[in-house]
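Take a look at the structure below.
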Amino acid sequence: MRLTDFPLRTFKEVPSEAEVISHQLMLRAGLIRRLASGLYNWLPLGLRVLQKVEAIIRDEMNRAGALEVVMPVVQPAELWQESGRWEEYGPELLRLKDRHDRAFCLGPTHEEVITDIARNELSSYRQLPVNYYQIQTKFRDEIRPRFGVMRAREFVMKDAYSFHLDQESLLEGYAAMRAAYDNIFRRLQLDFRIVQADPGAIGGNRSEEFHVLAESGEDAIAYCEADGYSANVETVAIDTDDVSRAEPTADLELIDTPNVRTIDELSKFLDVPAGHCLKTLLVAGEQAPAVALLLCGHHELNRIKTEALPGVARPLRMLRGAEVEAATGCEPGFVGPKDLDVPLFVDAAAASLSDFVCGANAPDKHYRGANWERDLPLPDVVDMRNAVAGDPSPAGGGRLEIARGIEVGHIFQLGSKYSEAMEARVLDKDGKACEMQMGCYGIGVTRVVAAAIEQNNDERGILWPDAIAPFDVVLIPINLDKSYRVREAADSLYAELQQAGLDTLYDDRNQRPGVKFAEADLIGIPHRLVIAEKSWDNGQIEYKSRREADAEMISVDGVVDFLSKRRMP
RNA sequence: CGGGGCAUGGCGCAGUCUGGUAGCGCAUCUGCUUUGGGAGCAGAGGGUCGGCGGUUCGAAUCCGUCUGCCCCGACCA
């Protein structure tokens, strides 16, 4: 591509809307532009990257025997009512009506539609297993879109759905997809981890997530070097059996804590570690108006675990200030478990506290030196917090560490959730109708692009992995408007590189070299060739890798060979 | 949805407190010079100051209202 034919607009300054580095660089390098909150245009340069990612995914999916289809973005409400998700899914599902007042939604995922295809097209066990996939635009009306295309409302996803006669076949299909995903992320040259996950709204049994490791990742991953365990922190089970308390040493004391409402303030005010303060959270109950949850001050409530507790309303909802007062007779900030007349649960770690601080159910008052069983009864002990670094690994081999990751892939064993609800059956050997077992497998294609940048950048710009760079090589002639020889040399080398199948960006603009270097670095082309008159006359050309500090001179004759050796497979 | 902030040319910002006919840098266009790390000089174009209503002789500036966007939280494949 000649740069004189390619409108490239880059920014020196960081647009104020961009928070994370990938978003900043995607805007600065001219890959994307924001159209509205959570909606992005992909400009030609960005689309080249997106299409390279898609090509690798498509290749590996085809190689694994999956069959490509395309399903509509707009889906009829009836299918979602059939699966039950029209009610379940919540406001993230964007619903709309057509001119005849018929209800539709924008597809956030395609289980319903694919199950409809499967029940119409598949009727015999002889046709199974089948794996359909598509690369399609999805829409989820996120509460707060952010980080550019990392969490956009509209995004491109590769979703695959496999259909099996039985569990055994499902396990095989799942393993095949897991292997295909492993290949895909390897080929994308990303540093990633496979972690155990919660199936969430999609439903089903087992699921695993593929995470690209990055500081800015929205998910926390718990892992243990010693035993190889790795899981999304939200799914890590914590043992509730080993509750052991030190003997009380302090007397129960009612103390004044004027206007001290948060754990943070309390911890500072009393100079007590947050872990020794008891956090009392009030959530909506299933029958009771409120359920109180007791945690150590430095621990986070785990939504999934909490929703599984008896009597807690689903979806989990924290009570508002007025509701807290109605249920406890005390404003938020001073609520505590002593003499509190609502159902109570205590987290195992909080149950192990002694001489702790907690709210006294009176304005501007807390208790100090509180102890279970001596001062107040110990409620039901449960696991309802997120794991933190230092917790024991569930696999038993050591302590957990926490890393941050960007979820780019998720694979599920759905089982028969959708095939049952939507009556997707085939006849087995004995002529008996049975529900198909399903698996589903997603990759956030647009998110992969952002994740790749999060993991590959420096102060000058993007460092694309070879596999997904918008161009393989950038060709920069110096003084091409002054030197006929340079122009001729650059033109012929451009032709040669193209001939060799290299995606070449030819910077034939009449720009100063500094501008060309800066922009080539910003947009992250992995390999750079510079043609200057003097060296060209000596049969030499300058090569520099985007990832290396220094350039080297190479022979003009061997350029294509040299590049093909330098490029990653 | 709760809390906070912002809205002035394509991008980054000043001007708002204290009302008086809109400015800076980058980018764009023209000319000349320059050509190995985002050049210099001279000139030019581009803005109903987010929308609507009000106060005033006069509103980017004051008041009201609506909308959009960003951040934190909640929430979320």
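The values are calculated or read from the model by the stated rules, or taken from the named source; none is laboratory data. Quantities reported herein were computed from a predicted structural model and do not represent experimental measurements. Cβ: placed from backbone, ideal geometry, glycine included. Neighbour counts: every protein chain shown. Heavy atoms of the whole protein, side chains included, go into the accessibility calculation; ligands, DNA and RNA do not. Shrake-Rupley method; radii C 1.70, N 1.55, O 1.52, S 1.80 Å.
Cα centroid separation, the stretch A:127-149 to the stretch A:434-458: 9 Å. Once both labels are positioned 7 Å from their Cα atoms along Cα-to-Cβ, the gap between residue A:488 and residue A:4 label points is 1.7 nm.
Qualifying GluC sites (Glu not before Pro) in the stretch A:473-569, where qualification requires a DSSP coil assignment and no more than 13 other C-beta atoms within 10 Å, comprise A:548.
Subtract the Cα-Cα distance of residue A:261 and residue A:168 from 0.36 nm times their separation in residues, and report this length gain in nm to one decimal.
Taking 0.36 nm per residue and subtracting the Cα distance, the gain is 28.1 nm.
Among the trypsin sites (Lys or Arg not before Pro) in the stretch A:419-507, those placed in a DSSP loop whose Cβ has at most 12 other Cβ atoms within 10 Å are A:429, A:432, A:482. Carbon-plus-sulfur accessible fraction, the stretch A:179-303 (probe radius 1.4 Å, protein heavy atoms only): 45%. Span-like helix check, chain A: no full DSSP H segment qualifies, none having both a Cα axial length of 20 Å or more and a mean Kyte-Doolittle of 0.0 or more. Under a 1.4 Å probe, what is the accessible area of chain A per residue, stated in Å²? So chain A comes to 46 Å² accessible per residue, rounded to a whole number.
Relative contact order of the stretch A:471-566, taken over Cα pairs closer than 8 Å and 6 or more residues apart, is 31 percent.
Run the accessible area of the stretch A:396-517 with a 1.4 Å probe and give the carbon-and-sulfur part as a rounded percent. For the stretch A:396-517, the apolar C and S fraction of the accessible surface comes to 42 percent. Magnitude of the charge dipole for chain A, about its Cα centre and with charges confined to Cβ atoms of Lys, Arg (+1) and Asp, Glu (-1), is about 2040 debye. Mean projection of the Cα convex hull over all viewing directions, computed for chain A: 33.3 nm². Applying both filters, DSSP loop and at most 16 other Cβ atoms within 10 Å, to the GluC sites (Glu not before Pro) of the stretch A:314-377 gives A:373.
Give me the percent relative contact order of chain A, please, defined on Cα pairs under 8 angstrom at least 6 residues apart. Mind dumping the intermediate values first?
On the way: 1195 pairs, mean separation 95.9, N = 569.
About 17 percent, as a whole number.
Ranking A:463, A:113, A:194 by Cα position along the charge dipole of chain A, where only Lys, Arg, Asp and Glu carry charges on their C-beta atoms, puts A:463 farthest toward the positive end.
For the residues A:504, A:137, A:249, a 1.4 Å probe over the protein chains yields an accessible-area ranking, largest first, of A:249, A:137, A:504.
Take every pair of alpha-carbon atoms less than 8 Å apart whose residues are at least six positions apart; their mean separation over the length of the stretch A:253-382 yields a relative contact order of 28 percent.
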